[in-house]
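Heads up: the structure comes next, in structure tokens.
The values are calculated or read from the model by the stated rules, or taken from the named source; none is laboratory data. Everything numeric in this text was worked out from a predicted model, so none of it was measured. Every residue, glycine among them, receives a Cβ derived from its backbone with ideal geometry; neighbour counts consider all protein chains shown. Just so you know, the surface numbers come from the protein's heavy atoms only, side chains and all, with ligands and any DNA or RNA stripped out. Shrake-Rupley method; radii C 1.70, N 1.55, O 1.52, S 1.80 Å.
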Amino acid sequence: MKLSGAKDQSYMRLAIKEARKGLGRTSPNPSVGAVIVKDNEVVARGYHKKAGTPHAEINALAAAGELAKGATMYVTLEPCNHFGRTPPCSQALVKAGIDRVVVGMLDPNPLVAGSGIAHLKEHGISTMTGILEEDCHDLNRPFIKYITRSIPWVILKAGVSLDGKLSFVRGSGGAVTGPESHRAVHRLRNRVDAILIGRSTQEIDNPSLTTRLPGRKGRDPVRVVLDSNLIISESAKILHLTSEAPTILFTQKNVDAKKVARLVAQGVQVEMVPVDSGGGLSLKSVLRNLGERGITSVLVEGGSRVHGSFLRYHLIDEVQLFYAPVFAGDNGVSLLSGLSVDGGRKDAITLERIKVRRYGDDVMISGLISTDRH
């Protein structure tokens, strides 16, 4: 049943707001929010805070107590109906005496796949699905891809000049965009599971790839470096951080075994993957490895060859480009390399669902890779 009124949509928006509180904290689970309404008043709210902890529905029921009996629950994702690290939410809703459940979207997880709704109906609970479904879907694109394909959602992010340059001088670092864009990037890092760069970017910038937010620490993503020949300096900043998130180096077989042992001894994780037909590391193998670790989202931050390779192999899902109002000129490094478009616009990789936003003097253009070309 998908008929809904303004009130149902209004309460679902509150549930979505709750769900957003868990973004970047729930992997490999989805971000879910729940609101309990009785006599046209919100009596409780809840969201999923972290994998292995109670789900949004359970937190909302705990907050509602006896008020849950005869009430309506609005939840962004279909309640689970299986035993995982926590008991089934569908059974808890029945036990609490919830009278009606309004669901944003069905769960794509094969372990659920409509069984949660079926269980509620079997026990006389009225259900409604598909309320603000697209908004709920947007909330959990990484989870949906991960649970259906076992690989993470991939975001290409870069700060560039108006002429599409990552830097002003080849071989040197330095930001092109302004401080407002930098803060936005750190908020993005705070929401993704991993951040990925190539060895050249690591060598030029020597970044820490941590999350730095004013007034709060934030959460560091897993740091991933692609280094085909394992030539990273052992004094690189990324290898000597005090962080709960690990650093993973992806390389190929037959690299220096002694260097691998030294890196592993200092806490770095070294993974060996095959090379592709072009001689670079197999990016598909890298994503499969990250998926096996429960990583549902990856932020690709460069450099030029890495961006080009991910796009060439159709591995990017979303793009966020921050444009500074400057021209870098011929000495700068281009956003992409190794990507050719032979047939003009009709063969170009394009974006859909485009959004434009200002960050200080910079302009951010974001969108999803068009499914026609993906």
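Please say if the range 101-165 is rounded, prolate or oblate, where rounded means a/c under 1.5 for a ≥ b ≥ c the square roots of the C-alpha gyration tensor eigenvalues, and otherwise the choice is prolate for a/b larger than b/c and oblate otherwise? Oblate, because a/c is 1.5 or more while a/b does not exceed b/c. Largest first, the residues 132, 209 sort by 1.4 Å accessible area into 132, 209.
Every pair of different Cα atoms in the range 253-374 enters the Kirkwood calculation, which places the hydrodynamic radius at 17.3 Å.
In order along the range 55-60, the Karplus-derived 3J(HN,Hα) couplings, from 6.51 cos²θ - 1.76 cosθ + 1.60 at θ = phi - 60°, round to 6, 4, 4, 5, 5, 5 Hz, and Gly and Pro are given as x.
Give the Debye-formula value of log10 I(q)/I(0) at each listed q (0.26, 0.33 Å⁻¹), with one equal scatterer per alpha carbon of the range 82-127, two decimals each. Cα-only, vacuum Debye calculation for the range 82-127: -1.03, -1.33. Each residue of the range 238-245 was assigned a 3J(HN,Hα) from its phi angle through the Karplus expression (A = 6.51, B = -1.76, C = 1.60, θ = phi - 60°), giving 5, 8, 9, 9, 8, 8, 6, 8 Hz with x at Gly and Pro.
Over the C-alpha trace of the chain, radius of gyration and Dmax come out as 22.7, 69 angstrom. Of the residues 288, 141, ranked by 1.4 Å probe accessible area with the largest first, the sequence reads 288, 141. Summarising the strand pairing of the range 13-120, around 65 percent of its internal DSSP beta bridges are antiparallel. Backbone geometry of the range 109-121 corresponds, through the Karplus equation with coefficients 6.51, -1.76 and 1.60 at θ = phi - 60°, to 3J(HN,Hα) couplings of 4, x, 6, 10, 6, x, 5, x, 4, 4, 5, 5, 5 Hz, x marking Gly and Pro. Counting lysine pairs in the range 190-291 that sit 8 or more residues apart in sequence, or on different chains, and whose Cα atoms lie under 22 Å apart gives 4. Helix-only arithmetic for the chain: the sum of -39500 (n - 2.57) across DSSP H runs with n ≥ 4, divided by the residue total, places the mean residue ellipticity at 222 nm at -8000 deg cm²/dmol.
Across the chain, Cα pairs under 8 Å and at least six residues apart give a relative contact order of 15 percent. A DSSP coil position with no more than 14 other Cβ atoms inside 10 Å describes the following trypsin sites (Lys or Arg not before Pro) in the range 133-196: 170. Of the cross-linked pairs 17/355; 145/165; 17/49; 7/95, those separated by over 23 Å at the C-alpha level are 145/165; 7/95. As a test, work out the antiparallel percent of DSSP beta bridges whose residues both lie in the chain, rounded to the nearest 5. That works out to approximately 45 percent antiparallel.
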